[in-house]
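The values are calculated or read from the model by the stated rules, or taken from the named source; none is laboratory data. The structure displayed is predicted, hence computed values, not measured ones. Cβ placement follows ideal geometry from the backbone for every residue including glycine, while neighbour counts extend to all protein chains displayed.
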């Protein structure tokens, strides 16, 4: 404990008669024990031990045996949840966040504030029912895997089960680094510091429910209903035939049944994709508050993700083949040190491409229109797209001559012909551009992505050139950055333009890539 009137940190002003106490570790709400008990969170870890033990002991059948097992499992879950809560604590100090956990083996992780890259507040359904939230803190690089209660990622601190007000306080204290004891001023009332006015918000984007109609064109949203239909069909297959109802109806033509099945499947997939997108993105809002971007979304689980604008090094506009047909796109922020960037970095999860492009220009300077790659890159794209079809055609020709089986030959010819528009589409997706403070690269065809990055984001360059590229005078260059995927490629550029592009797209150190003029031989002077 500091002496009365003694400052506790740099910049603190001593106040006569005031005693400064060091910050004490905090506990989460005891109500989290109910959540963990109901979800068997800690008890699930005992399953690999309990199943062999029960199999070895042997239990008789009957209703009371089942009841006894349920009661025992619930009591074990309650006990382990209570112990985990009792042994967990956290502290947001002036310079770091400290998390301590462990039932038998204690572990403590300390993350400096300057290593924190973002913070997310989640409220799953049971948490919302009990007035609790889950605070997830992204920390750059390294550390123990015991980041927090149930954390499984090295870059993550997880503080689960704090009241909503405490979650907001923790978010503000961590991101603004204002966790030190405040200095009383003349505006204080009864010795309590006056609370500052909330920072004004500037809305950057708001989700329109009509954009949910784009969801059936996004592969990620289609995966959920496909998995649900597969699981349901498997369950139905396991149900005994005697339990299934006998349905007598008019006999239908098999072709009619096939058409109806396809129509029903398409309707189910489309509806499932729309529902899935609504659950994830319901009431999505992106606002700027001070030096942070805040994204709030979710129907069942509300997520509050906050990213420091100074950590954003670029943006990526992505659109699939189906999305391009209706002019839709997604926008992700490329943030340094951000874990699970594909989800937490979403700045516009789904919407019109024009709005995604406008938001992109608002966050990062637009380097201008993309420069197309040379004609040799087009020929290379077409040749690569036709290669598989040509192989099938050759195999089909051999089978046709030797055994008279021609369907494979027809298939190869069709694939070869389709390779031409496929190669042209892949070539049309290539491009690069440089500006005063940013640069852009674009790749992909099935899912096309245009990444715009700041010059300061580049930490290195990697030039790749295969034997075929050398013959065609092409090369691929990768911009190595500490955000997003970590590397963004300009594919099949003119080899002579690679060095100039790298210099224009990064800091002066990239001039090392420029060719060094050779000195004339001394013997010829």
Yes/no for residue 343 being surrounded by fewer than 15 Cβ atoms within 10 Å (Cβ to Cβ) and on the phi < 0 side of the Ramachandran plot: yes
Selection status of residue 342, under 19 Å from residue 118 (Cβ atoms) and assigned to a helix (DSSP H, G or I): yes
Residue 316 - would you say it is assigned to a helix (DSSP H, G or I), crowded, with 16+ Cβ neighbours inside 10 Å and touching a strand residue (DSSP E or B) at 6+ places or on another chain (Cβ under 7 Å)? no
Is it fair to say residue 299 is out of contact with any strand residue (DSSP E or B) (no Cβ under 9 Å at 6 or more places or on another chain), surrounded by fewer than 22 Cβ atoms within 10 Å (Cβ to Cβ), in a loop (DSSP other than H, G, I, E, B) and in contact (Cβ under 8 Å) with a residue 12 or more places away in the chain? yes
Do we find a residue being out of contact with any helix residue (DSSP H, G or I) (no Cβ under 8 Å at 6 or more places or on another chain), at pLDDT 80 or above and either within 28 Å of residue 301 (Cα to Cα) or not assigned by TED's automatic domain parsing to the domain that holds residue 162 (or both) anywhere in region 112-121? no
Residues in region 149-164: is at least one assigned by TED's automatic domain parsing to the domain that holds residue 96, at pLDDT 80 or above and assigned to a helix (DSSP H, G or I)? yes
Matching residues, region 122-141, being surrounded by fewer than 18 Cβ atoms within 10 Å (Cβ to Cβ) and either assigned to a strand (DSSP E or B) or in contact (Cβ under 8 Å) with a residue 24 or more places away in the chain (or both): 125, 126, 128, 130, 131, 141
Residues being buried (at least 18 other Cβ atoms within 10 Å of the Cβ) and part of a helix (DSSP H, G or I): count how many of those fall in region 79-97. 4
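Residue-wise test of (1) within 24 Å of residue 368 (Cα to Cα); (2) outside the structural domain of residue 391 (by TED's automatic domain parsing); (3) in contact with a helix residue (DSSP H, G or I) (Cβ under 9 Å, 6 or more places away or on another chain); (4) surrounded by 14 or more Cβ atoms within 10 Å (Cβ to Cβ).
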site: 416; (1), (2), (3), (4): no, no, yes, yes
site: 423; (1), (2), (3), (4): no, no, yes, yes
site: 448; (1), (2), (3), (4): yes, yes, yes, yes
site: 470; (1), (2), (3), (4): no, yes, yes, no
site: 474; (1), (2), (3), (4): yes, yes, yes, yes
